[in-house]
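Q: Got a structure for you, questions after.
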Amino acid sequence: MSDLTTPWSDERRARPRVLQEQREDWQSLVILAHLVEAELERQTRHDAGIPHSHFKILALLAGADRHTMGLTRLSRALRFQKSRLSHALRSLEADGLLRREDTPEKGRAYQAVLTRRGLDLVERVLPLQDVFAWDTVLAGLSATEVTHLRTIAEKIIANLDDRPE
């Protein structure tokens, strides 16, 4: 296929070709993220009886001031579309793990508030996830390697946070 008939845009063609080793580095990261998330999903369903994506909402609320967070902030923090967040909140609210309230400010803004039952669940399940993290995911890594991993993760998170919506 000649350059004139290549389906790639000029912008994409201008990028340097990715070397096979670089592609393998990236694929390793993708597989790592997938396997950790899949195992957390399995464990969270077993330990908490809810999907891991729902548990992440509860964990964020547990760490928030007054266990409360605005829905827009919650959605942005988790990169959830409004419909996905709404579905998760309905389910968590039905289970008595959180409640939605109007915000103190004027307007049509709402916030999620962790209930006592939700906080109890987070306090019971987080230590189990800590054990998984240290005994499985981080097993065999030195303290220095764990620190490096955190530094790398924070840089990647910053790269993702800097992307336009």
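Q: What FRET efficiency would be calculated for the residue pair LEU126, GLN20, taking the C-beta separation as r and a Förster radius of 25 Å, to the nearest 0.05?
A: About 0.05, to the nearest 0.05.
Q: Before rounding to the nearest 500, sum -39500 (n - 2.57) across all DSSP H runs of length at least 4 in the chain and divide by the residue total; then give [θ] at 222 nm in deg cm²/dmol.
A: Helix contribution divided over all residues of the chain: -20500 deg cm²/dmol.
Q: Taking θ = phi - 60°, what integer Hz values does the Karplus form 6.51 cos²θ - 1.76 cosθ + 1.60 yield along the range 89-96, in sequence order, with x for Gly and Pro?
A: Working through the residues one at a time gives 5, 4, 5, 5, 5, 4, 7, x Hz.
Q: Using θ = phi - 60° and the Karplus form 6.51 cos²θ - 1.76 cosθ + 1.60, what ³J(HN,Hα) does each residue of the range 129-134 get, whole Hz, x for Gly and Pro?
A: 6, 4, 4, 4, 4, 7
Q: From the residues THR68, HIS46, LEU58, which one has its Cα farthest along the dipole of the chain in the positive direction, the dipole being from +1 and -1 charges on Cβ of Lys/Arg and Asp/Glu about the Cα centre?
A: THR68
Q: Same structure again: Could you give the angle, 0 to 90 degrees to the nearest 10, between helix 52-63's Cα long axis and the longest principal axis of the Cα atoms of the chain?
A: The angle comes out near 60 degrees.
Q: A follow-up question, please. Would you work out the relative contact order for the chain, in percent, from Cα pairs under 8 angstrom that are 6 or more residues apart?
A: Computed over the chain, the figure is 17 percent.
Q: Of the accessible area of the range 78-136, with the probe set at 1.4 angstrom, what percent is carbon plus sulfur?
A: With neighbouring chains kept in place, the figure for the range 78-136 is 51 percent.
Q: Could you rank the peptides 56-66, 152-162 by their average count of other C-beta atoms within 10 Å per residue, with the highest value first?
A: Going by the mean number of other Cβ atoms within 10 Å, highest first, we get 56-66, 152-162.
Q: Among 26-32, 115-121, how do they line up by average Cβ neighbours within 10 Å per residue, starting with the highest?
A: So the order, starting with the most tightly packed, is 115-121, 26-32.
Q: Go ahead and run the numbers for FRET between ARG76 and ALA153, Cβ-Cβ distance against an R0 of 25 Å, rounding to 0.05.
A: Efficiency for this residue pair is about 0.85.
Q: Could you calculate the contour length gain from ALA139 to GLN27, that is, 0.36 nm times the residue separation minus the distance between their Cα atoms, to one decimal place in nm?
A: Between ALA139 and GLN27, full extension yields 38.2 nm more.
The values are calculated or read from the model by the stated rules, or taken from the named source; none is laboratory data. On a predicted model such as this, the values are computed, not experimentally measured, just so you know. Quick reminder, even Gly has a Cβ in these numbers, built from the backbone with ideal geometry, and neighbours come from all protein chains shown. To get the accessible areas, we keep the full protein, side chains included, count just its heavy atoms, and leave off ligands, DNA and RNA. Shrake-Rupley method; radii C 1.70, N 1.55, O 1.52, S 1.80 Å.
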